[in-house]
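The values are calculated or read from the model by the stated rules, or taken from the named source; none is laboratory data. Nothing here was measured: the structure is a model prediction, and the numbers come from that model. Cβ atoms come from the backbone with ideal geometry, glycine included; neighbour counts cover every protein chain shown.
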Amino acid sequence: MNTLVLITIGFAGGVLGGMGLGGGTLLIPLMTMFAHIPQKTAAAINLMGFVPMAAAALVVHAKNGLLQKDAIAPIALPAGAVCALFSLLACGSDDRALSRAFGIFLAVLGIFMLLKEALSSLKAKATLVLLAAMRRDLVAAARQKMI
Amino acid sequence: MEILTKKRKYGGIFSAAAGVAVGAANGLFGGGGGMIAVPALTLAGVPAKKAHATAVAIIAPLAAISGAVYLAKGAVSPSVLLPACAGIIVGGIAGSLLLKKTSSSRLSALFYALMIAAGLKLSL
């Protein structure tokens with residue numbers, strides 16, 4: 001495999017990850033679609049690349065008091081056990097099938113997130129309209145009282 | 001006042017279920033666990049910014065565990081792993097510097113659109 005292609009794709013995925021855009025979710029399809037790297041290899045690269053990045057980010061997050069420490073173990077402990085089991089399962093599975101399943105996972109998650117984003121911006125707009133209407137009512141009531 | 005000072009307790013069935021989903025995605029696909037962990041934390045009452053940071057703390061040990069399994073099972077050779085990881089680390093630094101200069105809601109909408117496009121391309 002071409003080393004330069006690997007560095008370039010890693011760099012592109014790293015930029016996305018560094019911007020907080022869930023690097024792996026795009027780094028893996030970048031690797032499988034454009035560099036024809038098998039799904040399992042792409043997964044392994046993403047996982048191993050994430051560890052040093054996360055370690056560096058966590059030092060900063062901890063310093064800034066951004067870690068909700070009591071929320072980590074209740075999710076991370078069951079996740080760790082399931083994760084080990086599913087990694088073994090993935091290593092014994094067919095690359096093409098895994099890639100397809102990952103594609104479905106991405107599309108469903110993407111649609112869900114996009115809808116959520118649209119809904120929250122709609123909510124913000126509705127709140128503004130409501131506040132403006134309330135203000136108009138208040139002003140009208142105040143005027144009436146003055147008369 | 002009592003509501004404000006009351007300490008929220010995390011845990012229980014919801015966290016366990018979220019953990020199972022996060023672990024399954026991370027183990028099976030080698031990524032995507034964070035996309036589940038962040039909304040799960042937010043739903044449990046962790047503020048958005050803290051949820052992002054805390055999700056990294058949850059995913060990091062998982063990535064180490066599944067990365068070790070994939071490596072032990074020979075899914076990747078060091079000659080492929082090392083240059084890609086070097087790119088990821090340098091890119092990560094560049095990305096975090098770039099983040100300060102971009103608007104977030106447009107960026108995330110673009111990101112979700114890319115996710116859907118890549119997902120459809122892979123699954124069809």
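Being of a type in the set (Gly, Ala, Ser), facing chain A (nearest Cβ under 7 Å) and more than 12 Å from A:Met31 (Cβ to Cβ) is the filter here, so list the residues in region B:78-100 that pass it. Walk me through how you get there before you give the answer.
Here is the first cut: in region B:78-100, the ones of a type in the set (Gly, Ala, Ser) are B:79, B:84, B:86-87, B:91-92, B:94-96.
Going one step further and asking which of them are facing chain A (nearest Cβ under 7 Å), we end up with B:84, B:86-87, B:91-92, B:94-96.
Scanning region B:78-100 gives B:Ala86, B:Gly91, B:Gly92, B:Ala94, B:Gly95, B:Ser96.
Restrict the check to region A:67-75 and report whether at least one residue is assigned to a helix (DSSP H, G or I), closer than 17 Å to B:Ala60 by Cα and of a type in the set (Lys, Arg).
For region A:67-75, residues assigned to a helix (DSSP H, G or I), closer than 17 Å to B:Ala60 by Cα and of a type in the set (Lys, Arg): present.
Criterion first (more than 7 Å from chain B (Cβ to nearest Cβ), surrounded by fewer than 17 Cβ atoms within 10 Å (Cβ to Cβ), under 26 Å from B:Ala16 (Cβ atoms) and not aliphatic (A, V, I, L, M)) does A:Lys63 satisfy it? No. For region A:29-45, check the following and say yes or no: at least one residue is surrounded by 24 or more Cβ atoms within 10 Å (Cβ to Cβ) and under 17 Å from the mean Cα position of the chain (by Cα). Yes: one or more hits.
Only residues that are part of a helix (DSSP H, G or I) and within 7 Å of chain B (Cβ to nearest Cβ) were counted across region A:1-26, and they come to 17.
Does A:Ile37 fit the bill of being β-branched (Val, Ile, Thr), assigned to a helix (DSSP H, G or I) and within 25 Å of B:Ala24 (Cα to Cα)? Please lay out each step first, then the result.
Details: β-branched (Val, Ile, Thr): yes; assigned to a helix (DSSP H, G or I): no; within 25 Å of B:Ala24 (Cα to Cα): yes.
In short, no.
State all residues of region B:108-124 that are surrounded by 14 or more Cβ atoms within 10 Å (Cβ to Cβ) and modelled with pLDDT under 80; if no residue qualifies, say none. Of everything in region B:108-124, those that are surrounded by 14 or more Cβ atoms within 10 Å (Cβ to Cβ) and modelled with pLDDT under 80 turn out to be B:Ser108, B:Ala109, B:Phe111. Any residue that is closer than 30 Å to B:Ile89 by Cβ and either out of contact with any Pro (no Cβ under 7 Å at 6 or more places or on another chain) or exposed (fewer than 11 other Cβ atoms within 10 Å of the Cβ) (or both) - is there at least one of those in region A:114-134? Yes, that holds for at least one residue. Take A:Thr41 and tell me if it is over 19 Å from B:Ser96 (Cβ atoms), among the β-branched types (Val, Ile, Thr), in contact (Cβ under 8 Å) with a residue 60 or more places away in the chain and outside the structural domain of A:Gly110 (by TED's automatic domain parsing). Here the answer is no, as A:Thr41 does not meet what is asked. As a summary of the residue check, A:His36 satisfies the conditions (1) on the phi > 0 side of the Ramachandran plot; (2) facing chain B (nearest Cβ under 7 Å) except for the one numbered (2).
Do we have B:Ser108 as more than 7 Å from chain A (Cβ to nearest Cβ) and either of a type in the set (Gly, Ala, Ser) or in contact with a Pro (Cβ under 7 Å, 6 or more places away or on another chain) (or both) here? Lay out the reasoning, then the answer.
Numbers: more than 7 Å from chain A (Cβ to nearest Cβ): no; either of a type in the set (Gly, Ala, Ser) or in contact with a Pro (Cβ under 7 Å, 6 or more places away or on another chain) (or both): yes.
No.
Only one entry of B:Lys121, B:Lys50 meets the criterion of being farther than 22 Å from A:Ala57 by Cβ and at the interface with chain A (Cβ under 7 Å from one of its Cβ atoms), and that entry is B:Lys121.
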